[in-house]
Amino acid sequence: MPSVKRRVKQWVSRGADRHVRLAVTGLSRAGKTAFITSLINQLTHLGTEPNLPLMSLVQQGRGLGARREPHPHMHLPAFDYDSAMQALHQTPPVWPSPTRDVSEVRLAVRYRPQSAALRAINEMATLYVDIVDYPGEWLLDLPLLSQSYSQWSAKQAGLLTGRRGELAATWTTKAAALDPFAPADEKMLADIAEDYTAFLHQCKAHGGLHWVQPGRFVLPGELAGAPVVQFFPWVGKQDEQALAKAGKDSNYGVLKARYDYYCEHVVANFYREHFAKIDRQVILVDTLQPLNAGPAAFHDMRLAVEQLMQSFKYGKSGLMKRLFSPRIDKVLFAATKADHVTPDQHPNMVSLLQQIVHQAWQQAAFEGIDMRCQSVAAIEATTPGYVSVKGENQRALKGFLADNSPVTLYPGDVPAQLPEETFWQAQGFDFPSFRPQQAPLDAPLPHIRMDKALDYLLGDKFR
Ligand SMILES: Nc1nc2c(ncn2[C@@H]2O[C@H](COP(=O)(O)OP(=O)(O)O)[C@@H](O)[C@H]2O)c(=O)[nH]1
Ligand SMILES: [Mg+2]
């Protein structure tokens, strides 16, 4: 081929290849690792298995296949797909172990272009999908950027009621005894910060309370143990004007400096380095676990999701827009682990999720971001069916518990609306954790509506 022609062909081919940066987030245990593992797995079987019938690319017969590529950013850990697959194919299978930091993986998806012009020159095009996994907890830190240390402290102190107040006793007792003006006692500050971090973990683990700040404290990644994550809100009773005069080497001064450093370097950096580069965002929400756990946990999950959504209210002149120029144009909210309830309950999961995100949704629509809510099971662990109860057919799920024993059960109805008092009093909702199903290594992972999610997130990119 003459070289000019070859160059034209190369040029067109490069024009046909596309990139999309897809981020997956959600509070810890929402199902990010399972979702990304399934996403990679499903796409690798694209073109050879009938696993994605709801993707228009597949319906049009244009999907050819996908494979993982060396991942592009050396400073980011790679998403550990191989370990996840290994866990899922153990006997008996287990869930992949949790990760606690940002990670990334690149997929190259091969397809036949839609446009006749492109097809005439190129049989194939490639969509490069960079998938980023980051903890939703990190998004809870956005408000810190517009709060001073003293404002943040006042806000946090105000939250220490009820269960939170009880859990906070250890660190607040020590912190209240600190002299703000005395020279900084590094050891004491580290000690209280450790108690404060333990308190945040307890809020999540025992209280089912997900709205914790700073978010990095519970998932510090590479920052674990660094002074930048060694501060806590000031709960002493001194008045603000006096505190403002504390020297920079005093207890108060050092805490304030660490807080400021955290905001500027950790929080702002995350938005600059990661968030601003995202094209499409998936937000995973486990609506079922808080329903299991009770009203306080459910309410707190709502608060946390609302808080998380602030990052998408960027507006034309908002702080987000000015500081980071984000470019996300589509957000998918997915209610995860839908295989925990019978299929007739899936529409309720979706409408419940819609109510949870309602306000932010309106805002986003107003700003031209496309949003959608759906339910998924990234990795389906149960089989829906019927059981006969007193001669009548009733819906049920079959699966295996974590200890490998088989169960058949009806977990209960999901409320279609934000649950009221009566729901909690009647508490008809209870489900165990299922272990994954045993599946052949070369078969795609069983899933519910991953194809619908993929179609929404990527469909328009396969042009
Ligand atoms: N049944 C079922 N359980 C799931 C699914 N996805 C996640 N889980 C459960 O939720 C736990 C946390 O999921 P993971 O993906 O590690 O959450 P992450 O912390 O957001 O990455 C897993 O260990 C599973 O027990 C799913 O699709 N179906
Ligand atoms: Mg994870």
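Seen against the Cα atoms of the chain and their longest principal axis, helix 295-309 is set at about 80 degrees. Pairwise Cα distances in the stretch 149-269 exceed 17 Å for 54 percent of all pairs.
From most to least packed by mean Cβ count within 10 Å, the peptides 33-40, 402-409 give 33-40, 402-409.
Between S405 and Q59, what is the FRET efficiency for a Förster distance of 51 Å, r being their Cβ-Cβ separation, to the nearest 0.05?
0.80
Simple rule: put +1 on each Lys or Arg Cβ and -1 on each Asp or Glu Cβ in the chain, find the dipole, and look at T48, P113, A268; the Cα lying farthest toward the positive end is P113.
Please give the length that would be gained between D344 and E367 if that part of the chain were fully extended, namely 0.36 nm times their separation in residues minus their C-alpha to C-alpha distance (nm, one decimal). Walk me through the intermediate numbers first.
Numbers: separation 23, 0.36 × 23 = 8.28 nm, distance 3.36 nm.
Residue separation times 0.36 nm, minus the Cα-Cα distance, leaves 4.9 nm.
Ranked by the mean number of other Cβ atoms within 10 Å of their residues, highest first, the peptides 68-80, 346-358 fall in the order 346-358, 68-80.
In this structure, A226 and S388 have a Cβ-Cβ separation that, at R0 = 41 Å, corresponds to a calculated FRET efficiency of about 0.10. Extent of the stretch 317-463 along its three principal axes (Cα atoms, max minus min coordinate, largest first): 61, 47, 26 Å. What you get for the chain, charging only the Cβ of Lys and Arg (+1) and of Asp and Glu (-1), is a dipole of about 1960 debye around the Cα centre. Please give the residues of the stretch 217-234, grouped as numeric ranges, whose backbone N is less than 19 Å from a label point set 7 Å along the Cα-to-Cβ vector of A190. The answer is 217-218, 220-233, whose backbone nitrogens lie closer than 19 Å to the label point. Per residue, the average separation of C-alpha pairs within less than 8 Å and at least 6 apart gives the chain a relative contact order of 19 percent.
Could you give the accessible area per residue of the stretch 149-269, probe 1.4 Å, as a whole number in Å²?
That works out to 47 Å² per residue.
Projecting label points 7 angstrom from Cα along Cα→Cβ for A157 and A117 puts them 6.5 nm apart. Candidates L458, S433, V414 compared by Cα position along the dipole of the chain: farthest toward the positive end lies L458, with charges placed on Cβ.
With every protein chain kept in the model, how would you rank D191, D451 by accessible area, 1.4 Å probe, largest at the top?
Numbers: D191 55, D451 5 Å².
I get D191, D451, largest accessible area first.
Considering only the Cα atoms of the chain, their convex hull presents on average a projected area of 26.9 nm². In degrees between 0 and 90, to the nearest 10, how far off the longest principal axis of the chain does helix 149-158 point, with axes built from Cα atoms? Once rounded, the angle reads 90 degrees.
Taking 24 Å as the cut-off for C-alpha to C-alpha distance, list the pairs among K204/K245; K277/K321; K330/K398; K256/K313 that go past it.
Working: K204/K245 35 Å; K277/K321 13 Å; K330/K398 35 Å; K256/K313 28 Å.
Check vs 24 Å cut-off fails for K204/K245; K330/K398; K256/K313.
The values are calculated or read from the model by the stated rules, or taken from the named source; none is laboratory data. Here the structure is a predicted model, which means the values were calculated and not measured. No Cβ is skipped: glycine too gets one built from the backbone with ideal geometry, and neighbour counts run over all protein chains shown. The protein model used for the area step is the full one, side chains on, heavy atoms only, and it has no ligands, DNA or RNA in it. Shrake-Rupley method; radii C 1.70, N 1.55, O 1.52, S 1.80 Å.
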